[in-house]
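Novice: Attaching a single structure in C-alpha cells format; questions to follow.
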Amino acid sequence: MTDYRVAKGEAQEDQVTASIEKFTAHVPSSVYLALALGSMATSLAFQAAKKQHEALFVGQWAAPFLILGIYNKLVKIHGSDGTSETADTQTFANA
C-alpha cells in the first residue's frame, strides 16, 4: 500500500500565503472571538427587529470567524510550513 502523506518540510507554502500569515499572526486571537460574538449579537438584534434575512446572513459569520481564529492560533504555534522547530520543541527533543 502506498503512503501518500506529506512529511514535515516536504511541502512549502507560497510567498502570498506566508505574507498573509505574517500579517494576521499579529492579530490577537481574542479579536476573532469578539467578531464571532459580535455577529451573534447583531444577528439577535436583527431577529428582534423582525429582519429574518439579515439575522440569518449575519449569524452565519460566527463560524467562519471562529475557524479563522483557530487557523490563526495554529499558524502562531506551528508556523506556516511547520519546517522550523520552535524553542519548546527543541528543548523537549534535547531533554
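Novice: Could you run through the stretch 57-68 and say how many residues are more than 17 Å from the chain's Cα centre (by Cα) and closer than 10 Å to Leu37 by Cα?
Specialist: Final tally of qualifying residues: 1.
Novice: Now a separate question. Return the residues of the stretch 1-17 that are touching a residue at least 60 places away in the same chain (Cβ under 8 Å) and either surrounded by 14 or more Cβ atoms within 10 Å (Cβ to Cβ) or assigned to a loop (DSSP other than H, G, I, E, B) (or both); say none if nothing qualifies.
Specialist: Passing the criteria: Lys8, Gly9, Ala11, Gln12, Glu13.
Novice: Would you check if Leu66 is within 27 Å of Thr17 (Cα to Cα), modelled with pLDDT of 95 or more, assigned to a helix (DSSP H, G or I) and not acidic (Asp, Glu)?
Specialist: The answer is yes for Leu66.
Novice: Which residue, of Glu85, Glu10, Glu54, is acidic (Asp, Glu), modelled with pLDDT of 95 or more and more than 12 Å from the chain's Cα centre (by Cα)?
Specialist: Selected residue: Glu54, the only one of Glu85, Glu10, Glu54 that is acidic (Asp, Glu), modelled with pLDDT of 95 or more and more than 12 Å from the chain's Cα centre (by Cα).
Novice: Do you know which of the residues in the stretch 30-50 that are under 14 Å from Lys76 (Cβ atoms) and surrounded by 13 or more Cβ atoms within 10 Å (Cβ to Cβ) is nearest to the chain's Cα centre (by Cα)?
Specialist: Tyr32
The values are calculated or read from the model by the stated rules, or taken from the named source; none is laboratory data. As the structure is a prediction and not an experimental result, all values here were calculated from the model. Every residue, glycine among them, receives a Cβ derived from its backbone with ideal geometry; neighbour counts consider all protein chains shown.
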